[in-house]
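This report concerns only the one structure given below.
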Ligand code: ADP
Ligand code: MG
């Protein structure tokens, strides 16, 4: 494999894990410059990019280099003068051109909307049809139909895409309306800044109240941020009194957000709530087919798409990633790939679940329930600790195949019967308790999502 071929394959994997803007910003002008006895030197356009890649993306780059070139041991970044980079850049065939047109990268500064996310490119299936219908209803009668709209579900299932589509559609239908999309994290930081800087406080309140449509993505991150919750509640009241629309997304229903002010919780629940779940096989295939069309002559054969839809069962982001990898490989070989080749490529890119560590599971459970990890190991029988501890034991058994004595030992030297009891309790409760099922689903979606990085 030549340097360029190897780099193209590597980039197709990295691309699937990053936002398009990030990908283009940090990887657009990079190339493999040298490859000698397990060491690879990557050329970058500036010291800034070099440093950023070293600090943030070293692991990711190595991971994808190694899937295609297992012999790679170490990695170095270097800065190249413009002249040096141009020739190899020009040779780089453009596997990503359809993703990298300007539309992808452009985010409107006033609204934070990306024009890529529209209803036109959103595939609807059983798994998301209620959320989709509710979103459409909001665009027809903003502030009236469903206010607030609260969309929830696991990672990579299209929440951001749907929320942004609402924003883009309303902008098109009602140009005078002021639309604003913001991640909840950034919203909370804005509020914190205002609280610390009294001269700014009113300005920020005014800013948020002035929008006709406010879209807050990933609202679960408001957990524990008391001051932001308070302010969100006031903004919310002011907006809904004025018939202005608010749309939320979250990875879980309001009742599962820990440490959430009750007033806010009942507000979240007071409009329309709709979930998105994992797509079934037919829908996965439809999504792949829709996304394959724009690949034009590199569009994979029908049986390849069917195979991919049957093995990638997690979420839509992963489906897109698999498709990009297949297309990039097919471009390099200048021919369609056989099923056997696709099997081979995809099996290299999907990690077996068992590679999870026990520590990883415990950390995710503690984070989800917002209890300090060490509480899980202590003897306390406090209700808010007992349940998370049992869930952690359950996941260690189910997803990590830990033996009962091992699990008991892990949790502060408990007896193996404690572990058995926890396992049976949770699996029994899951049958009748939908909330618990959802909680465990969410924890798993975090586990298997994080695992990639
Ligand atoms: P979430 O916010 O739920 O984590 P995203 O909205 O970021 O998920 O979706 C992940 C990727 O999958 C995005 O590239 C998005 O465009 C794509 N996607 C998600 N749902 C759909 C869908 N129903 N139709 C087409 N593409 C989708
Ligand atoms: Mg999202």
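The values are calculated or read from the model by the stated rules, or taken from the named source; none is laboratory data. Note that the structure is a prediction, hence the values are computed from the model and not measured. So basically every Cβ, Gly included, is an ideal-geometry build from the backbone, and we count neighbours across all protein chains shown.
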So how many residues does the stretch 348-385 have that are modelled with pLDDT under 85 and in a helix (DSSP H, G or I)?
7
Residue under evaluation residue 169, criteria (1) more than 12 Å from ligand 2 (Cβ to nearest atom); (2) within 30 Å of residue 448 (Cβ to Cβ); (3) assigned to a helix (DSSP H, G or I), criterion not met
(2)
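Only residues that are touching a helix residue (DSSP H, G or I) at 6+ places or on another chain (Cβ under 8 Å) and surrounded by fewer than 24 Cβ atoms within 10 Å (Cβ to Cβ): list them for the stretch 144-158, please. Working first, answer last.
The first filter runs over the stretch 144-158 and keeps only residues touching a helix residue (DSSP H, G or I) at 6+ places or on another chain (Cβ under 8 Å), leaving 145-158.
145, 146, 147, 148, 154, 155, 156 - these are the residues of the stretch 144-158 that are touching a helix residue (DSSP H, G or I) at 6+ places or on another chain (Cβ under 8 Å) and surrounded by fewer than 24 Cβ atoms within 10 Å (Cβ to Cβ).
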Residue pairs qualifying under the 9 Å Cβ cut-off, at least six apart or on distinct chains, with the first in the stretch 157-176 being more than 13 Å from residue 217 (Cα to Cα) and the second being within 15 Å of ligand 2 (Cβ to nearest atom) and in a helix (DSSP H, G or I), are 157/316; 157/317; 157/445; 169/135
The stretch 308-317: number of residues that are surrounded by fewer than 22 Cβ atoms within 10 Å (Cβ to Cβ) and either part of a helix (DSSP H, G or I) or in the same structural domain as residue 154 (by TED's automatic domain parsing) (or both)
3
Only one of 244, 201, 205 is crowded, with 17+ Cβ neighbours inside 10 Å, away from ligand 2 (no atom under 14 Å from the Cβ) and either farther than 25 Å from residue 18 by Cβ or assigned by TED's automatic domain parsing to the domain that holds residue 443 (or both), namely 244
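For residue 294, state whether it is in contact (Cβ under 8 Å) with a residue 60 or more places away in the chain and surrounded by fewer than 20 Cβ atoms within 10 Å (Cβ to Cβ). Before you say what the answer is, go through the steps one by one.
Details: in contact (Cβ under 8 Å) with a residue 60 or more places away in the chain: yes; surrounded by fewer than 20 Cβ atoms within 10 Å (Cβ to Cβ): yes.
So residue 294 fits the description; yes.
Check 80, 105 and return the single one that is surrounded by 11 or more Cβ atoms within 10 Å (Cβ to Cβ) and at pLDDT 75 or above.
80
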Quick one: would you say residue 412 is surrounded by fewer than 19 Cβ atoms within 10 Å (Cβ to Cβ), in contact (Cβ under 8 Å) with a residue 12 or more places away in the chain and not in a helix (DSSP H, G or I)?
yes
Determine the pairs where a residue that is at pLDDT 95 or above, located within the stretch 129-140, has a partner that is surrounded by 15 or more Cβ atoms within 10 Å (Cβ to Cβ) and part of a helix (DSSP H, G or I) with Cβ atoms under 6 Å apart, the partner being 6 or more residues away or on another chain.
135/162; 135/166; 138/166; 139/166; 139/169; 139/170
Could you say whether any residue in the stretch 126-148 is away from ligand 2 (no atom under 13 Å from the Cβ), part of a strand (DSSP E or B) and over 16 Å from the mean Cα position of the chain (by Cα)?
no
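Give the stretch 373-388 a look and list any residue that's over 16 Å from residue 407 (Cα atoms) and surrounded by 10 or more Cβ atoms within 10 Å (Cβ to Cβ), or say none. I'd like the intermediate steps shown before the answer.
Residues of the stretch 373-388 over 16 Å from residue 407 (Cα atoms): 380-385.
Those that are over 16 Å from residue 407 (Cα atoms) and surrounded by 10 or more Cβ atoms within 10 Å (Cβ to Cβ): 380, 382, 384, 385.
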Among what's in the stretch 177-198 and is more than 16 Å from ligand 2 (Cβ to nearest atom) and at pLDDT 95 or above, pick the residue that is surrounded by the most Cβ atoms within 10 Å (Cβ to Cβ).
179
Just wondering, is there one or more residues in the stretch 168-183 that are more than 16 Å from ligand 1 (Cβ to nearest atom) and closer than 30 Å to residue 314 by Cβ?
no
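Would it be correct to say that residue 113 is within 16 Å of ligand 2 (Cβ to nearest atom), within 25 Å of residue 239 (Cα to Cα) and not in a helix (DSSP H, G or I)? If you could, list the steps in order and put the result at the bottom.
Details: within 16 Å of ligand 2 (Cβ to nearest atom): yes; within 25 Å of residue 239 (Cα to Cα): yes; not in a helix (DSSP H, G or I): yes.
Yes, satisfied.
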Which ones in the stretch 415-440 are within 15 Å of residue 256 (Cα to Cα), surrounded by fewer than 16 Cβ atoms within 10 Å (Cβ to Cβ) and out of contact with any helix residue (DSSP H, G or I) (no Cβ under 6 Å at 6 or more places or on another chain)?
433, 434, 435
